[in-house]
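Undergrad: Here it is, the structure in full.
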Amino acid sequence: QIQLVESGGGSVQAGGSRRLSCTASTPFFVDYAMGWFRQVPGQEREPVATVNWSGGRIYYTDPVKGRFTISRDNPKNMVYLQMTSLKPEDTAVYYCAAKRTKSPYFITEYDYWGQGTQVTVSS
């Protein structure tokens, strides 16, 4: 079992930065691949970035490459999403996600979810 709690959402102007945090409650954090997903009205939830247990394998969706950075701090059971050069199209509810595999890929396997945190980017 794992519980996920996101924080760091809010309003930011275009071009600005925001850092999202996810705290995982589990004694086996390194067993999990972690990810950030987002969802906007009228669209399905999509993966933003995922990371394996060690941080050595990472996936980013094309629209955020070069702007977002996913990282994890295993001793603290935390995952971060550093967002820079934010655009209005980044506006979404961002979710922390987990799966108990070493690989960060195969996004349909993610089966643990946080409640989500709203990020609103204004122009």
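The values are calculated or read from the model by the stated rules, or taken from the named source; none is laboratory data. Here the structure is a predicted model, which is why all the values come from computation and not from measurement. As a convention, Cβ positions derive from the backbone with ideal geometry for all residues, glycine included, and neighbour counts pool all protein chains shown. Ligands, DNA and RNA are stripped out before the accessible areas are found, and what is left, the full protein with its side chains, is counted by its heavy atoms. Shrake-Rupley method; radii C 1.70, N 1.55, O 1.52, S 1.80 Å.
Undergrad: Inside region 94-111, can you point out the residues that are surrounded by fewer than 18 Cβ atoms within 10 Å (Cβ to Cβ) and of a type outside the set (Asp, Glu)? Can you show your working first?
TA: Pass one, region 94-111, residues surrounded by fewer than 18 Cβ atoms within 10 Å (Cβ to Cβ): 100-103, 105-109, 111.
Once the filter is applied, which keeps residues that are surrounded by fewer than 18 Cβ atoms within 10 Å (Cβ to Cβ) and of a type outside the set (Asp, Glu), region 94-111 yields 100, 101, 102, 103, 105, 106, 107, 108.
Undergrad: Please find, within region 78-91, the residue that is nearest to residue 1 (Cα to Cα) out of those that are of a type in the set (A, V, I, L, M, F, W, C) and open to solvent by less than 20 Å² (accessible area, probe 1.4 Å).
TA: Per the stated criteria, the residue is 79.
Undergrad: Hey, can you tell me all the residues within region 35-77 that are more than 17 Å from residue 119 (Cα to Cα), out of contact with any helix residue (DSSP H, G or I) (no Cβ under 9 Å at 6 or more places or on another chain), open to solvent by 40 Å² or more (accessible area, probe 1.4 Å) and part of a strand (DSSP E or B)?
TA: 58, 60, 71, 73
Undergrad: List the pairs whose first member sits in region 90-102 and is under 12 Å from residue 28 (Cβ atoms), whose second member is of a type in the set (Asp, Glu) and part of a loop (DSSP other than H, G, I, E, B), and whose Cβ atoms are under 8 Å apart, counting only residues at least 6 apart or on separate chains?
TA: These pairs meet every condition: 98/111.
Undergrad: Is it the case that region 82-90 has a residue that's within 15 Å of residue 47 (Cα to Cα) and of a type in the set (Val, Ile, Thr)?
TA: For region 82-90, residues within 15 Å of residue 47 (Cα to Cα) and of a type in the set (Val, Ile, Thr): absent.
Undergrad: Go over the candidates 59, 32 one by one and state the one that is touching a residue at least 60 places away in the same chain (Cβ under 8 Å) and more than 19 Å from residue 85 (Cβ to Cβ). Even if it seems obvious, please write down each step before you answer.
TA: Values: 59 fails: touching a residue at least 60 places away in the same chain (Cβ under 8 Å).
It is 32.
Undergrad: Look at residue 114 and say whether it is in contact with a Leu (Cβ under 6 Å, 6 or more places away or on another chain) and either buried (at least 20 other Cβ atoms within 10 Å of the Cβ) or closer than 24 Å to residue 1 by Cα (or both). Before you say what the answer is, go through the steps one by one.
TA: Values: in contact with a Leu (Cβ under 6 Å, 6 or more places away or on another chain): yes; either buried (at least 20 other Cβ atoms within 10 Å of the Cβ) or closer than 24 Å to residue 1 by Cα (or both): yes.
Spelling it out, residue 114 is indeed in contact with a Leu (Cβ under 6 Å, 6 or more places away or on another chain) and either buried (at least 20 other Cβ atoms within 10 Å of the Cβ) or closer than 24 Å to residue 1 by Cα (or both).
Undergrad: Here is a follow-up. Just a yes or no: is a residue in region 92-106 modelled with pLDDT of 95 or more, out of contact with any Phe, Trp or Tyr (no Cβ under 7 Å at 6 or more places or on another chain) and farther than 15 Å from residue 5 by Cβ?
TA: Initially, region 92-106 is screened for residues modelled with pLDDT of 95 or more, giving 92-100.
If we keep only those that are out of contact with any Phe, Trp or Tyr (no Cβ under 7 Å at 6 or more places or on another chain) too, we end up with 92-93.
Within this subset, residues satisfying the condition of being farther than 15 Å from residue 5 by Cβ are 92.
The answer is yes, given that some residue of region 92-106 is modelled with pLDDT of 95 or more, out of contact with any Phe, Trp or Tyr (no Cβ under 7 Å at 6 or more places or on another chain) and farther than 15 Å from residue 5 by Cβ.
Undergrad: Additional query: Please find, within region 4-34, the residue that is nearest to residue 112 (Cα to Cα) out of those that are out of contact with any Ser or Thr (no Cβ under 9 Å at 6 or more places or on another chain) and crowded, with 16+ Cβ neighbours inside 10 Å.
TA: Taking region 4-34 as the starting set, the residues that turn out to be out of contact with any Ser or Thr (no Cβ under 9 Å at 6 or more places or on another chain) are 19, 24-29.
Those left that are additionally crowded, with 16+ Cβ neighbours inside 10 Å: 24, 26, 29.
On the way: 24: 10, 26: 12, 29: 13 Å.
Filtering first and then ranking leaves 24.
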